[in-house]
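The values are calculated or read from the model by the stated rules, or taken from the named source; none is laboratory data. All figures in this text were calculated on a predicted structure; none of them were measured in a lab. Glycine also receives a Cβ, built like all others from the backbone with ideal geometry; neighbour counts cover every protein chain displayed. Please note that ligands, DNA and RNA were not included when accessible areas were found on the heavy atoms of the full protein model with its side chains. Shrake-Rupley method; radii C 1.70, N 1.55, O 1.52, S 1.80 Å.
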Amino acid sequence: MLDFAQARRTMVDCQVRTFDVVDHALLSVLEEVPRERFVPAAAEATAYSDRAITLARFADGTARVMLPPMVLARMIQALDIVPGSRILDVAGGTGYASAVMERLGGDVVMLEADPALAERAKAILSDLGCDVAVQVGPVAEGYAAGAPYDLILVNGAYETVPDELLAQLADGGRLAAVDASEGAGRVVLFQRAGEAVGSRRLFDAAAPVIEGLRRAPSFQF
């Protein structure tokens, strides 16, 4: 049987630390949260590999994935979670990112469009003792009932800027997502300052485009 505890340590030492993730609290949480619990049973053996794991595929051609450990870890580090941070975890899948952010002290609301994934997330998070509110609804619309949020994590990419999500940020709030608008993906960190929202690119990464955040098809002549 695979030693998952050793797999977590190897993931942290050989993937996450080598990708400029230096936050000690985050590294400790990544060694504790059992990533294998959040993947399909057939994928347990690859739960700690350096790749995205598909959780579901949808009729519109989009998919829900668990982001690669190094990508997710660096995105969470960029959000700079402090205890009590109000966080929206968008397209949360089965809840892995929510579990990590809750263990870092975040007050987490997870949003998932797929009811089956959301139910599985509720069960796993509850079993692990994670206090996360799981909501079901269109992920590109966010969850306005819980806004404003200090931090928003998008577990995927966008081709059009996620304005509805950005509108739910508190003043000073930050949102991390993968920008796929120019083909090659890059993680972008947005930050609100009053009515203005600025952004900066952090690092290259690939992820499936989230439903509702695709660019409208254009006519070609």
For the range 112-176, what is the largest minus smallest coordinate of the Cα atoms on each principal axis, given in angstrom and ordered from greatest to least?
-> 33, 24, 19
To the nearest 20 debye, the range 116-189 has a Cα-centred charge dipole, built from +1 on Lys and Arg Cβ and -1 on Asp and Glu Cβ, of 200 debye
With every protein chain left in place, what is the accessible area of VAL161 in Å² (1.4 Å probe, nearest 10)?
-> 70 Å²
Quick one: if you stick a label point 7 Å off each Cα along the C-beta vector at ASP127 and THR46, how many nm between them?
-> 2.2 nm
Of (i) 0.96; (ii) 1.03; (iii) 1.13, the label for Cα Rg over 2.2 N^0.38 Å derived from the coordinates = (i)
Share of Cα-Cα pairs in the range 1-117 beyond 17 Å, whole percent, is 54 percent
For the pair GLU164 and GLU182, how long in nm is the line joining their label points, each one 7 Å along Cα→Cβ?
-> 2.7 nm
Between LEU88, LEU202, LEU79, which gets the highest mean-square fluctuation from a Gaussian network model of the chain, Cα cutoff 10 Å?
-> LEU202
Determine how large the accessible area of ASP171 is when every protein chain is in place; take a 1.4 Å probe and give Å² rounded to the nearest 10.
-> 120 Å²
Farthest toward positive dipole pole in the range 91-221 [+1 Lys/Arg, -1 Asp/Glu at C-beta], among ALA116, LEU104, ALA133 = LEU104
Which of the listed residues, VAL29, PHE19, PHE58, is farthest toward the dipole's positive end in the chain, when Lys, Arg count +1 and Asp, Glu count -1 at the beta-carbon?
-> PHE19
Give the accessible surface of the chain per residue, rounded to a whole number of Å², with probe radius 1.4 Å and ligands, DNA and RNA excluded.
-> 45 Å²
For CYS14 the rounded accessible area (nearest 10 Å², probe 1.4 Å, non-protein molecules ignored) is 90 Å²
Pull out the extension gain between ARG17 and ALA59, defined as 0.36 nm times the separation in residues minus the alpha carbon to alpha carbon distance; nm, one decimal.
-> 11.4 nm
Can you pull the Kirkwood radius for the range 91-221, inverse mean 1/r over Cα pairs, to one decimal in Å?
-> 15.3 Å
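Report the calculated FRET efficiency for ASP3 and ALA216 (r = Cβ-Cβ distance, R0 = 30 Å), to the nearest 0.05.
Values: r = 48 Å, r/R0 = 1.60.
Here the calculated transfer efficiency is 0.05.
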If unit charges are put on Cβ atoms (+1 for Lys and Arg, -1 for Asp and Glu) and the dipole of the chain is taken about its Cα centre, the option from LEU213, ALA176, PHE4 lying farthest towards the positive end turns out to be PHE4
Show that you can apply the helix-only estimate: for the chain, add -39,500 (n - 2.57) for every DSSP H stretch of four or more residues, divide by all residues, and state [θ] at 222 nm to the nearest 500.
-> -6500 deg cm²/dmol
What part of the accessible area of the range 21-107, given as a whole %, is carbon or sulfur when the probe is 1.4 angstrom?
-> 52 percent
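What's the local net charge at ALA91, with K and R +1, D and E -1, over the other residues with C-beta under 12 Å away? Don't jump to the answer; show the numbers that get you there.
Values: positive: ARG64; negative: ASP89, GLU112, ASP114, GLU141, GLU211.
So the surrounding residues net to -4.
So if I place +1 on the C-beta of Lys and Arg and -1 on the C-beta of Asp and Glu, and nothing else carries charge, what would the dipole magnitude of the range 1-146 be about its Cα centre? I want it in debye, nearest 20.
Working: 13 positive and 20 negative charges, 41 e Å.
Charge dipole of the range 1-146: 200 debye, to the nearest 20.
Hey, got the dipole for the range 75-221? About the Cα centre, +1 on K and R Cβ, -1 on D and E Cβ, debye to the nearest 20? If you can, show how the numbers build up before the last one.
Values: 11 positive and 20 negative charges, 57 e Å.
Magnitude of the dipole: close to 280 debye.
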